[in-house]
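Peer 1: Structure provided below as structure tokens; questions to follow.
The values are calculated or read from the model by the stated rules, or taken from the named source; none is laboratory data. As the structure is a computational prediction, the values presented were derived from the model and not from experiment. Every residue, glycine among them, receives a Cβ derived from its backbone with ideal geometry; neighbour counts consider all protein chains shown. With ligands, DNA and RNA removed, areas are computed over all heavy atoms of the protein, side chains included. Shrake-Rupley method; radii C 1.70, N 1.55, O 1.52, S 1.80 Å.
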Amino acid sequence: MGDESDPGRLYDLTAARTSRVVLAAYSTSFGLGARLLDAPTRGGIDAVYGLVRIADEVVDTRRGDGAADLLDELEAETGRALERGWSTNLVVHAFALTARRCGFGHAEVDPFFASMRTDLTVRVHDRESYERYVYGSAEVVGLMCLAVFLNARRRPGEPLRVPDPVLVRGARALGAAFQKINFLRDLRTDHDELGRAYLPGVVPGRLRRRDVEAFCREVEADLAAARAALPGLPVRPRIAVAATVAVYERLLARLAATPPEDILRARVRVPDTMKVALAARAAGGQLLGQVASARSPRPRKVLA
């Protein structure tokens, strides 16, 4: 329950709960990993996902007349909230609090909204526009999540924890991998219902086996970079990311094994029970590794 004696705190808590509802309603895979986080970190991830989801709904669900104006309004309100730390939009409010605490802002938010705006105007992507879109729609989201992992538990007055290049590369690669897997899985829906072709050089209605194989290799390289960055994360985020990666790796494997014509016919998915089992196994592996590392003898210091 919120502290009703402190209206400001109650509003912050209500905003955080609103973002959590958005995540729970829209994503089982991402939400599964989030549940493995400690409370402050999970709240930050909820806030990032909440804003991203609302923008996505504007361009994918609302779309059509007025969608551009709605997206402009959301971006403007987000910018104002980043400056003043308050918004009448509960999801934007939670996002702004998280951004200010964890040290991200326009450098990530502006490319994100630019990619969302592209969804209203660009129908077919070439390699350049595809890479720019993936950066804005997914890689910067990975960077925001990384900032949350490192700084959600930061106390007032403590300096921000700045990620090293390996963590930055891993965060960008992880966001890109998740987005690209969704591109392949939703190829038919994006083309037939939304009129978009994200994958450069791929004709949605004539998906070929070599298209799938080449694309899966690209995603596998992203996932490898993400896995390489895992040891640099705090323990709970490392467990949560490993669990989420395990689910998406299985989804990628299923897509790779599915005939192209079937990818265009029905949405490939991982059953919820399998998601839980995969996440549990990955989380358990990270925990065992942590215990083994803690028990291993430390090297003795050599005195000169």
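Peer 1: Tell me whether the range 42-59 contains one or more residues that are in contact with a helix residue (DSSP H, G or I) (Cβ under 8 Å, 6 or more places away or on another chain), among the charged types (D, E, K, R) and open to solvent by less than 20 Å² (accessible area, probe 1.4 Å).
Peer 2: Yes, because at least one residue in the range 42-59 is in contact with a helix residue (DSSP H, G or I) (Cβ under 8 Å, 6 or more places away or on another chain), among the charged types (D, E, K, R) and open to solvent by less than 20 Å² (accessible area, probe 1.4 Å).
Peer 1: What are the residue pairs meeting all of these: first residue in the range 93-108, first residue touching a residue at least 24 places away in the same chain (Cβ under 8 Å) and part of a helix (DSSP H, G or I), second residue open to solvent by 10 Å² or more (accessible area, probe 1.4 Å) and not hydrophobic (A, V, I, L, M, F, W, C), Cβ atoms under 6 Å, and 6 or more apart or on different chains?
Peer 2: A99/G105
Peer 1: In the range 190-204, which residues are open to solvent by less than 40 Å² (accessible area, probe 1.4 Å) and either part of a helix (DSSP H, G or I) or among the charged types (D, E, K, R) (or both)?
Peer 2: D190, R196, P204
Peer 1: Would you mind stating whether T41 is assigned to a helix (DSSP H, G or I), over 21 Å from G79 (Cα atoms) and at pLDDT 95 or above?
Peer 2: Yes.
Peer 1: Something else now. Only one residue in L174, L207, L223 is buried (at least 16 other Cβ atoms within 10 Å of the Cβ), at pLDDT below 95 and of a type outside the set (D, E, K, R). Which one?
Peer 2: Only one candidate passes the filter, namely L207.
Peer 1: Regarding the range 98-112, can at least one residue be identified that is out of contact with any Asp or Glu (no Cβ under 8 Å at 6 or more places or on another chain) and closer than 30 Å to R188 by Cβ?
Peer 2: yes
Peer 1: Let me ask you something else. Which count do you get for residues in the range 116-127 that are part of a helix (DSSP H, G or I), over 30 Å from A39 (Cα atoms) and under 20 Å from the mean Cα position of the chain (by Cα)?
Peer 2: 2
Peer 1: Please go through the range 69-104 and give me each residue that is within 21 Å of the chain's Cα centre (by Cα) and on the phi > 0 side of the Ramachandran plot, ordered by number.
Peer 2: Listed by number, the list holds a single entry, G103.
Peer 1: While we're on this one: Is one or more of the residues making up the range 157-168 part of a helix (DSSP H, G or I) and free of Cβ contacts under 8 Å to residues at least 12 places away in the same chain?
Peer 2: yes
Peer 1: Among R35, R84, R62, R117, which is the only one that is surrounded by 15 or more Cβ atoms within 10 Å (Cβ to Cβ) and of a type in the set (K, R)?
Peer 2: Of R35, R84, R62, R117, the one residue that is surrounded by 15 or more Cβ atoms within 10 Å (Cβ to Cβ) and of a type in the set (K, R) is R117.
Peer 1: Can you name every residue in the range 128-156 that is open to solvent by 80 Å² or more (accessible area, probe 1.4 Å) and either closer than 21 Å to G50 by Cβ or assigned to a helix (DSSP H, G or I) (or both)?
Peer 2: If the condition is that a residue be open to solvent by 80 Å² or more (accessible area, probe 1.4 Å) and either closer than 21 Å to G50 by Cβ or assigned to a helix (DSSP H, G or I) (or both), then E128, E131, R132, R153 are the ones that fit.
Peer 1: Let me ask something else about it. Taking the stated definitions as given, is L23 at pLDDT below 95 and either open to solvent by less than 30 Å² (accessible area, probe 1.4 Å) or within 14 Å of the chain's Cα centre (by Cα) (or both)?
Peer 2: So L23 passes the test.
Each row is one residue, and each column tells you yes or no for (1) closer than 15 Å to A138 by Cβ; (2) in contact with a Phe, Trp or Tyr (Cβ under 8 Å, 6 or more places away or on another chain); (3) not hydrophobic (A, V, I, L, M, F, W, C).
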| residue | (1), (2), (3) |
| --- | --- |
| L199 | yes, yes, no |
| P237 | no, yes, yes |
| Y248 | yes, yes, yes |
| Q286 | no, no, yes |
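Yes/no matrix, rows are residues, columns are (1) in a helix (DSSP H, G or I); (2) loosely packed, with under 15 Cβ neighbours inside 10 Å:
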{"residue": "D211", "(1), (2)": "yes, no"}
{"residue": "C216", "(1), (2)": "yes, no"}
{"residue": "R227", "(1), (2)": "yes, no"}
{"residue": "R238", "(1), (2)": "yes, no"}
{"residue": "A246", "(1), (2)": "yes, no"}
{"residue": "A253", "(1), (2)": "yes, yes"}
{"residue": "V270", "(1), (2)": "no, no"}
{"residue": "G284", "(1), (2)": "yes, yes"}
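Peer 1: If the requirement is being under 26 Å from Y133 (Cβ atoms), β-branched (V, I, T) and either part of a loop (DSSP other than H, G, I, E, B) or modelled with pLDDT under 95 (or both), which of these qualifies: T88, T61?
Peer 2: Exactly one of T88, T61 is under 26 Å from Y133 (Cβ atoms), β-branched (V, I, T) and either part of a loop (DSSP other than H, G, I, E, B) or modelled with pLDDT under 95 (or both), namely T61.
Peer 1: Name every residue in the range 169-189 that is assigned to a loop (DSSP other than H, G, I, E, B) and either over 24 Å from V245 (Cβ atoms) or touching an Asp or Glu at 6+ places or on another chain (Cβ under 9 Å) (or both), in order of residue number.
Peer 2: Within the range 169-189, none qualify.
Peer 1: Follow-up question, since we're still on this one. How many of the residues making up the range 177-190 are β-branched (V, I, T) and modelled with pLDDT of 95 or more?
Peer 2: The qualifying residues number 1.
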